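As structure tokens, the structure follows; a few thoughts come after it.
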Amino acid sequence: MLRHVSIKLTVGFLIALGTICAVSAQQAAPAQGGQAQGRGGGGTGAARASALPLFFDVNWTRPASQTGQVPIVQENIGDASLELKQYGLHANCLLTSGNPGSETTPFSAWSGVCESPFATTFRHKTSAVDLTGASKIRWAVKTSGLHVVRPVVKLADGTMLVGETAAASVPMQAQSEVPLAAIRWMKLDPKRVVTLGLQGGAFNEIWVPNPDLSRVDEVGFVDLMPGSGHGTGGYIHVSQFQVYGRPVPRTATTTSR
């Protein structure tokens with residue numbers, strides 16, 4: 001009787017052990033397959049495509065010579081490789097605002113006293129940028145009234161475009177991202193900073209068909225409304241502005257204008 005029980009226990013143990021091994025093998029197989037697919041799909045073992053690099057980070061700074069709320073100048077750009085460009089009838093209207101290092105009121109550019117629409121862009125001194133594919137802008141903005149912040153680019157041939165995406169955040173600075181290759185663009189008059197139509201566009205179409213973003217000279221932001229002055233009427237704040245894309249060597253067509 002004891003021998004019979006021992007045999008039954010041994011057989012039961014072997015069956016249980018076999019079941020555990022089978023379940024472990026089934027769990028391991030999908031994990032391995034998923035890992036191979038994540039690296040490039042099809043189990044080829046190819047490396048995962050890396051994210052686009054940070055092309056530039058404006059990183060607003062306050063030089064020791066500045067006190068109070070003053071116009072934004074080149075010295076407020078922390079990245080020494082960038083040139084500040086400002087457009088519009090009241091082009092140099094942006095003022096500094098906030099405090100460096102503050103989380104609640106970060107140091108930023110503020111548009112409240114801009115008497116007309118304006119555009120502010122940044123030009124890398126040695127490279128243009130390819131904004132196709134997964135390129136993006138990462139910014140942190142705060143707005144008041146019906147004001148919004150939109151992306152703006154200047155192409156290698158001097159054409160300026162404003163994107164359809166609008167960022168707004170009334171209560172506080174909020175970070176968001178704009179996928180540049182996935183949005184539509186309109187022509188922008190750099191002098192008046194107003195949108196322009198297309199000659200011969202059917203049904204009053206204003207969107208530029210297939211703009212070439214593979215060699216962009218300047219990238220920045222635009223406010224298509226005048227500010228309301230000091231106070232909380234209408235303005236934009238921009239405290240962070242980063243561009244992710246591939247650098248492109250400059251040619252004769254992308255020299256500074």
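The values are calculated or read from the model by the stated rules, or taken from the named source; none is laboratory data. Owing to the predicted nature of the structure, the values given are computational and were not obtained by experimental measurement. Using ideal geometry, Cβ is built from the backbone for each residue, glycine included, and neighbour counts are taken over all protein chains shown. Side chains included, ligands, DNA and RNA excluded: accessible areas come from the protein's heavy atoms. Shrake-Rupley method; radii C 1.70, N 1.55, O 1.52, S 1.80 Å.
Side notes on the structure shown:
- The residue pairs whose first member lies in region 87-102 and is loosely packed, with under 14 Cβ neighbours inside 10 Å, whose second member is of a type in the set (Lys, Arg), and whose beta carbons are closer than 9 Å, counting only pairs six or more residues apart or on different chains, are Asn99/Arg62; Pro100/Arg62.
- Flag not set for Gly245, criterion: out of contact with any His (no Cβ under 9 Å at 6 or more places or on another chain) and surrounded by fewer than 17 Cβ atoms within 10 Å (Cβ to Cβ).
- Out of Trp185, Trp207, one residue alone is out of contact with any Ser or Thr (no Cβ under 6 Å at 6 or more places or on another chain), crowded, with 21+ Cβ neighbours inside 10 Å and aromatic (Phe, Trp, Tyr). It is Trp185.
- Filter pass, Gln175 being within 18 Å of Gly133 (Cα to Cα) and either small (Gly, Ala, Ser) or part of a strand (DSSP E or B) (or both): no
- One residue from Thr232, Thr251 being farther than 24 Å from Gly88 by Cα, of a type in the set (S, T, N, Q), open to solvent by 40 Å² or more (accessible area, probe 1.4 Å) and touching a residue at least 40 places away in the same chain (Cβ under 8 Å): Thr251
- Every pair of residues 6+ apart whose Cβ atoms lie under 8 Å, when the first sits in region 140-159 and is farther than 12 Å from Val178 by Cα and aliphatic (A, V, I, L, M) while the second is part of a loop (DSSP other than H, G, I, E, B) and open to solvent by less than 20 Å² (accessible area, probe 1.4 Å): Val141/Ser169; Leu146/Gly234; Val153/Leu131; Val153/Leu213; Leu155/Leu213
- Test set (1) hydrophobic (A, V, I, L, M, F, W, C); (2) at pLDDT below 95; (3) assigned to a strand (DSSP E or B) - Ala109 fails condition number: (2)
- Within this structure, Val222 fails the test of being closer than 21 Å to Ala134 by Cβ, aliphatic (A, V, I, L, M), in contact (Cβ under 8 Å) with a residue 12 or more places away in the chain and surrounded by 13 or more Cβ atoms within 10 Å (Cβ to Cβ).
- Any hit, region 147-166, residues being at positive phi and at pLDDT below 95: no
- Considered as a group, the residues in region 112-144 that are outside any strand (DSSP E or B) and hydrophobic (A, V, I, L, M, F, W, C) include one that is surrounded by the most Cβ atoms within 10 Å (Cβ to Cβ), and that residue is Leu131.
- Residue within region 207-216 that is modelled with pLDDT of 95 or more, under 21 Å from the mean Cα position of the chain (by Cα) and under 28 Å from Gly98 (Cβ atoms) present: no
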